[in-house]
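Undergrad: One structure coming up, written as structure tokens, with questions to follow.
The values are calculated or read from the model by the stated rules, or taken from the named source; none is laboratory data. What you see is a predicted model; the values in this text were computed from it and never measured. Every residue, glycine among them, receives a Cβ derived from its backbone with ideal geometry; neighbour counts consider all protein chains shown. Side chains are part of the model used for accessible areas, which takes the heavy atoms of the whole protein and leaves out ligands, DNA and RNA. Shrake-Rupley method; radii C 1.70, N 1.55, O 1.52, S 1.80 Å.
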Amino acid sequence: AIIKAAMIAHQNSIDVFFDPGPRKASMRDKLVELSDTVFFNKEELLSYTGKDFRDSVRELINQRRTYIIKEGAAGSTCISNGIVLHSKAFRVDGFEHTIGAGDVFDATFISFTIKGTDIRKSCAYANLMAAIKLKSSALSKLPSMDLLIKMGEENGIM
């Protein structure tokens with residue numbers, strides 16, 4: 001069902017965003033092929049390419065899709081249209097746990113991207129929201145988009 005939905009979206013020029021998580025390689029590879037933007041953590045990237053980080057980036061840099069590599073405390077790397085952008089992480093003191101931070105990152109990146117925000121800012125806001133998520137297990141404590149933008153501006157996102 002997931003592959004069929006991605007195929008329909010792809011055929012109708014609807015952007016497909018995909019985070020493979022722990023999927024079987026055969027399903028992952030088909031969904032990557034149908035996606036416009038793929039989210040990997042560093043371990044998933046290395047598993048997907050079978051190469052080290054630097055060689056993985058070289059392999060993906062000229063592909064038609066965007067790759068977002070979530071690197072935790074190291075921030076994130078965006079590979080898109082022949083360009084590699086690194087977005088720094090935001091410092092988090094005394095975080096509660098990491099559960100959900102990657103999903104919050106993805107959702108924030110997608111929200112900003114579909115609103116037309118450039119990819120650099122989308123990554124920066126996604127890193128900020130993921131950092132905020134690390135401080136609480138409750139999604140209800142995450143800021144609204146307006147408040148996140150204000151917090152981003154206070155933290156140097158312009």
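Undergrad: Kindly point out which whole DSSP H helices in the chain project their C-alpha atoms 15 angstrom or further along the helix axis while averaging a Kyte-Doolittle hydropathy of 1.0 or above.
TA: TM-like helix candidates: 101-114.
Undergrad: With a cut-off of at most 16 other beta carbons within 10 Å, and DSSP calling the residue loop, which GluC sites (Glu not before Pro) in region 51-148 qualify? Please list them.
TA: Within region 51-148, the qualifying GluC sites (Glu not before Pro) (loop, at most 16 other Cβ atoms within 10 Å) are GLU96.
Undergrad: I would also like to ask the following. Holding the Cα-Cα limit at 21 Å, pick out from LYS24/LYS133; LYS51/LYS133; LYS88/LYS133; LYS70/LYS133; LYS4/LYS42; LYS24/LYS51 the pairs that are longer than that.
TA: Checking Cα-Cα distances, LYS24/LYS133; LYS51/LYS133; LYS4/LYS42 exceed 21 Å.
Undergrad: Ok, one more. Which percent, to the nearest 5, of DSSP beta bridges fully inside the chain are antiparallel?
TA: Expressed as a percentage, antiparallel bridges in the chain total about 55.
Undergrad: Relative contact order, percent, of the chain when contacts are C-alpha pairs under 8 Å separated by at least 6 residues?
TA: Dividing the mean separation by the residue count of the chain yields 15 percent.
Undergrad: Return a whole-number percent for the relative contact order of region 57-118, with Cα pairs under 8 Å and 6 or more residues apart as the contact set.
TA: With pairs under 8 Å counted, the relative contact order is 22 percent.
Undergrad: Out of region 68-158, which trypsin sites (Lys or Arg not before Pro) are coil in DSSP terms and have no more than 11 other C-beta atoms within 10 Å?
TA: Counting only loop positions with at most 11 other Cβ atoms within 10 Å, the trypsin sites (Lys or Arg not before Pro) in region 68-158 are ARG91, LYS115.
Undergrad: Quantify, in whole percent, the carbon and sulfur part of the accessible surface of region 3-49 (1.4 Å probe; protein heavy atoms only).
TA: Within region 3-49, the accessible surface is 52 percent carbon and sulfur.
Undergrad: In Å², and per residue, what accessible area does the chain have when probed at 1.4 Å with the other protein chains present?
TA: Computed with neighbouring chains in place, this is 56 Å² per residue.
Undergrad: Mind checking which aspartates and glutamates have their C-alpha under 13 Å from LYS135, skipping anything on the same chain fewer than 8 residues away?
TA: Cross-link targets: ASP93, GLU96.
Undergrad: Which whole-angstrom value gives the distance between the alpha carbon centres of region 105-158 and region 4-80?
TA: Cα centroid of region 105-158 versus Cα centroid of region 4-80: 20 Å apart.
Undergrad: Turning to a different aspect of this structure: Of the labelled options (1) 14.5, 41; (2) 15.5, 45; (3) 16.1, 54, which one gives Rg and Dmax of the Cα atoms in Å as computed for this structure?
TA: (2)
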